[in-house]
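Chemist: The structure follows.
The values are calculated or read from the model by the stated rules, or taken from the named source; none is laboratory data. Remember, predicted model here, so these are calculated numbers, not experimental data. Counting neighbours? That spans all protein chains shown, and the Cβs are built from the backbone with ideal geometry, glycine included.
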Amino acid sequence: MPTPKKGARLGGSPAHQKLILSNLTTQLIEHHAITTTEAKAKFLQPYVEKLVTKARRGDMHARRIVSKSIPDKDAVYTLFDVIAPSIDPERQGGCTRLTRVGNRKGDNAPLMRIEFVTEKVEKKAIVAAAEQTAAKAADEETEAQSIAAEAESGFEAASERAEEAREEGDLATANEAEEIAAEAGNEADAAEQVATADESESK
């Protein structure tokens, strides 16, 4: 003889429990979300997840297997042709969500809301690539700022050298220092523009 189920059971017999789960599943498919007791919601979630997995296969064999658990043809159609296609193909499981919504008036039974999850899955690879791009931009910005600082210090040193050479009467050295200062100033301006562009892109 079959081994009885261990633990609590909905209803008074296995047949009654199957009927309760079938009716709850039909209501969930019809309304996309229902509120029931915590015990029923926790029984219902794995039951519905298995049916959704078969519905996402979409073949005739899966449809016949689901029809054994859900006699309502309209519910089977909605599950296969409306709900299953709306679930992100990247989602490997967890197609339903449980949310506590307080206690029921009267017997104070804890209530939970169960609903289908149709949001897009945030791909980890895209997030990682975005983080790498942001880190690379930050490194480039830091490097551009250091280059700008070095060019600025070179510009100041060359300018001081040109002034000293003019005071000493060495025009050739002064002109050469002024040319070096001009080049350093251009490099500093270019590095500052790159740093500003990287900062605006990172924001």
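Chemist: State which residue is nearest to L19 (Cα to Cα) when the search covers only segment 68-119 and only residues that are among the basic types (K, R) and assigned to a strand (DSSP E or B).
Modeler: Ranking the qualifying residues of segment 68-119, first place goes to R113.
Chemist: Also, quick follow-up: Which of the residues spanning segment 74-119 are loosely packed, with under 12 Cβ neighbours inside 10 Å, small (G, A, S) and within 15 Å of T35 (Cα to Cα)?
Modeler: Scanning segment 74-119 gives a single hit, G102.
Chemist: Just the residues that are at pLDDT 70 or above and in a loop (DSSP other than H, G, I, E, B), please, taken from segment 120-152.
Modeler: K120, V121, E122
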